[in-house]
Amino acid sequence: MSEILAPNLHDFWKHNPKIKLRLSVATANINLARSEADIAIRLARPTQENLMIKRLPVIKQGLFASAQYLNGRDPNSLDLNKESFLGMDRSFGDIPEYLWIIQQNLASQQKLESSSIRTLCNAAREGCGIALLPKFIAQLEKLVEIPQPSLPQRSPYLVFHRDFRNVKRIRLVRDWIAASFKKALEK
């Protein structure tokens with residue numbers, strides 16, 4: 001999510017210069033009830049009753065490779081069973097990206113597994129294979145899309161404790177997060 005929020009920090013501080021932010025990326029869900037954070041962004045809808053939830057724009061995904069990897073080949077005519085794949089590992093559990101590769105019988109083609117989208121994107125950019133990536137990130141890197149039907153999409157949720165719904169600084173940050181996601185994902 002840093003690819004969405006970090007580019008918009010300057011604008012946030014231009015309007016809210018006294019608010020200090022801490023952006024943390026973690027594989028485990030932080031506990032908002034224990035004040036481990038004021039706001040979280042989750043890729044699975046939380047079920048706790050004491051949380052306020054706002055659905056953010058869908059993160060569209062695609063298969064992407066560099067022009068170097070494609071080496072003049074038509075992205076529409078690739079046989080995916082003969083390509084090298086770069087994909088998510090199981091550190092996040094059975095997430096849709098991981099399951100898609102398994103369901104398509106492409107696990108044996110997976111040459112790199114990582115818990116980092118940035119690592120997968122960098123490897124794809126350097127010509128190492130085809131990666132299942134969020135479209136907005138791959139497009140920033142000028143990667144070539146490999147058209148595929150039925151790729152998984154992700155629905156992020158902005159989450160905060162119900163007790164914070166009327167706290168002004170929390171509201172300002174929530175509004176900024178929602179606007180940043182809309183700007184990045186609804187192009």
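The values are calculated or read from the model by the stated rules, or taken from the named source; none is laboratory data. Quantities reported herein were computed from a predicted structural model and do not represent experimental measurements. Virtual Cβ from ideal backbone geometry, glycine too; neighbours counted across all protein chains shown. Note: accessible area is taken over every heavy atom of the protein model, side chains too, but ligands, DNA and RNA are not part of it. Shrake-Rupley method; radii C 1.70, N 1.55, O 1.52, S 1.80 Å.
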Subset tally (residues that are among the small types (G, A, S), farther than 29 Å from L43 by Cα and part of a loop (DSSP other than H, G, I, E, B)) for the range 59-73: 1
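Could you tell me how many of the residues in the range 44-53 are open to solvent by 70 Å² or more (accessible area, probe 1.4 Å) and either touching a residue at least 12 places away in the same chain (Cβ under 8 Å) or touching a Gly at 6+ places or on another chain (Cβ under 6 Å) (or both)? Talk me through it step by step, then tell me what you get.
First, the residues of the range 44-53 that are open to solvent by 70 Å² or more (accessible area, probe 1.4 Å): 45, 47-49.
Cutting the leftovers down to either touching a residue at least 12 places away in the same chain (Cβ under 8 Å) or touching a Gly at 6+ places or on another chain (Cβ under 6 Å) (or both) gives us 45, 48.
Final tally of qualifying residues: 2.
Test of understanding: among P147, P134, which residue is within 30 Å of I53 (Cβ to Cβ) and in contact (Cβ under 8 Å) with a residue 24 or more places away in the chain? Don't jump to the end; show me each part of the working.
Details: P147 fails: within 30 Å of I53 (Cβ to Cβ).
P134 is the lone residue from the list that is within 30 Å of I53 (Cβ to Cβ) and in contact (Cβ under 8 Å) with a residue 24 or more places away in the chain.
Search the range 32-47 for residues being among the charged types (D, E, K, R) and in a loop (DSSP other than H, G, I, E, B), and hand back the single one that is farthest from L5 (Cα to Cα). If you could, list the steps in order and put the result at the bottom.
Kept after step one, since they are among the charged types (D, E, K, R), are these residues of the range 32-47: 34, 36, 38, 42, 45.
In the following step, the residues that additionally are in a loop (DSSP other than H, G, I, E, B) were identified as 34, 36, 38, 45.
Values: R34: 24, E36: 19, D38: 16, R45: 20 Å.
Looking at the filtered set, the residue picked out is R34.
Looking at L56, L23, which one is surrounded by 13 or more Cβ atoms within 10 Å (Cβ to Cβ) and at negative phi?
Details: L23 fails: surrounded by 13 or more Cβ atoms within 10 Å (Cβ to Cβ).
The conditions single out L56.
One line per residue, one yes/no per condition, for (1) of a type in the set (A, V, I, L, M); (2) in contact with a His (Cβ under 8 Å, 6 or more places away or on another chain); (3) farther than 30 Å from S108 by Cα:
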| residue | (1), (2), (3) |
| --- | --- |
| K20 | no, no, yes |
| V25 | yes, no, no |
| I53 | yes, no, yes |
| L86 | yes, no, no |
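Does A65 fit the bill of being over 24 Å from Q153 (Cα atoms), open to solvent by less than 50 Å² (accessible area, probe 1.4 Å) and over 15 Å from the mean Cα position of the chain (by Cα)?
Working: over 24 Å from Q153 (Cα atoms): no; open to solvent by less than 50 Å² (accessible area, probe 1.4 Å): yes; over 15 Å from the mean Cα position of the chain (by Cα): yes.
No.
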If a residue must be closer than 16 Å to I170 by Cβ and open to solvent by 60 Å² or more (accessible area, probe 1.4 Å), how many such residues does the range 26-37 contain? 3
For residues that are without any contact (Cβ under 8 Å) to a residue 60 or more places away in the chain and either among the small types (G, A, S) or outside any helix (DSSP H, G or I) (or both), tally how many sit in the range 1-31. 14
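Looking at the structure I just gave you, is V144 closer than 24 Å to A26 by Cα and surrounded by 13 or more Cβ atoms within 10 Å (Cβ to Cβ)?
Numbers: closer than 24 Å to A26 by Cα: no; surrounded by 13 or more Cβ atoms within 10 Å (Cβ to Cβ): yes.
So V144 does not fit the description; no.
When the range 172-187 is examined, which residues are found to be of a type in the set (G, A, S) and touching a strand residue (DSSP E or B) at 6+ places or on another chain (Cβ under 8 Å)? Don't jump to the end; show me each part of the working.
Applying the first criterion (of a type in the set (G, A, S)) to the range 172-187 yields 178-180, 184.
Within the range 172-187, A178 is the sole residue that qualifies.
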Among the residues of the range 171-187, which ones are open to solvent by less than 70 Å² (accessible area, probe 1.4 Å) and at pLDDT 95 or above? L172, V173, R174, W176, I177, A178, A179, S180, F181
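Go through the range 81-170 and tell me which strands (runs of 3 or more DSSP E), entirely inside it, have 1 or more residues that are in contact with a Cys (Cβ under 7 Å, 6 or more places away or on another chain). Quick ask: steps written out before the conclusion?
On the way: elements: 85-88, 110-114, 130-134, 144-146, 157-161.
Result: 85-88, 110-114, 130-134.
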Out of (1) of a type in the set (S, T, N, Q); (2) surrounded by 14 or more Cβ atoms within 10 Å (Cβ to Cβ); (3) in a helix (DSSP H, G or I), the odd one out for N76 is which? (2)
